[in-house]
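The values are calculated or read from the model by the stated rules, or taken from the named source; none is laboratory data. It should be emphasised that the depicted structure is a prediction, and the values quoted were computed from it without experimental measurement. We place every Cβ from the backbone using ideal geometry, glycine too, and count neighbours over all the protein chains shown. Heads up: the accessible areas ignore ligands, DNA and RNA and are worked out on the full protein's heavy atoms, side chains in. Shrake-Rupley method; radii C 1.70, N 1.55, O 1.52, S 1.80 Å.
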Amino acid sequence: QLLDELNIGHADGSYRQQLAQLAKKKLLILDDWGMEKMSARQANDLLDVMEERYQNTSTIIASQLPVTEWYKLISNPTVADALLDRLLHNSHRIELAGESMRKLDQSDHLR
């Protein structure tokens, strides 16, 4: 939804204002990261967002995709390097193992 809103911002002229608002948010959560590859514009937009937020505010990324696979989501290697540098530099990673809690919860209901 965030990337869709930014795309609309390009069309209606509110893009820079959106970036300024996102830069002020203390916490941005990107959930379900990596469900599909990003277009060139989406990757550039997200890079702009992360550039505005870098070392000033916090971002949480939730993904089922290992960090080692994130590079493949971005078609332009230069943008991928820049974006992932901002996302991963000074980051704290929590990697979970095991079955999905949704799967485990459903299996309890089936018994």
- request: Could you name the aspartates and glutamates whose alpha carbon sits less than 15 Å from that of residue 24, not counting residues in the same chain fewer than 8 places away?
  value: 48, 51, 52
message: Are there any trypsin sites (Lys or Arg not before Pro) in the stretch 17-88 that are in a DSSP loop and have at most 16 other Cβ atoms within 10 Å? List them by number.
response: 25, 26, 37
query: Of all accessible surface on the stretch 1-81 at a 1.4 Å probe, what whole percent is carbon and sulfur?
result: 49
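With contacts defined as alpha carbon pairs under 8 Å and 6 or more residues apart, what's the relative contact order of the chain in percent?
27
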- request: Decide, for the stretch 45-95, between rounded, prolate and oblate: order the square roots of the alpha carbon gyration tensor eigenvalues as a ≥ b ≥ c, take rounded if a/c falls under 1.5, and otherwise choose prolate if a/b is larger than b/c, else oblate.
  value: oblate
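For the chain, compute the orientation-averaged projected area of the C-alpha convex hull (one quarter of its surface), in nm². Numbers along the way, then the final one.
Working: hull surface 33.7 nm².
About 8.4 nm², averaged over all directions.
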message: What distance in nm separates the two pseudo spin-label positions at residue 97 and residue 68, each 7 Å out from Cα along the beta-carbon direction?
response: 1.4
- request: List the lysines whose Cα lies under 16 Å from the Cα of residue 25, skipping any in the same chain that are fewer than 8 positions away.
  value: none
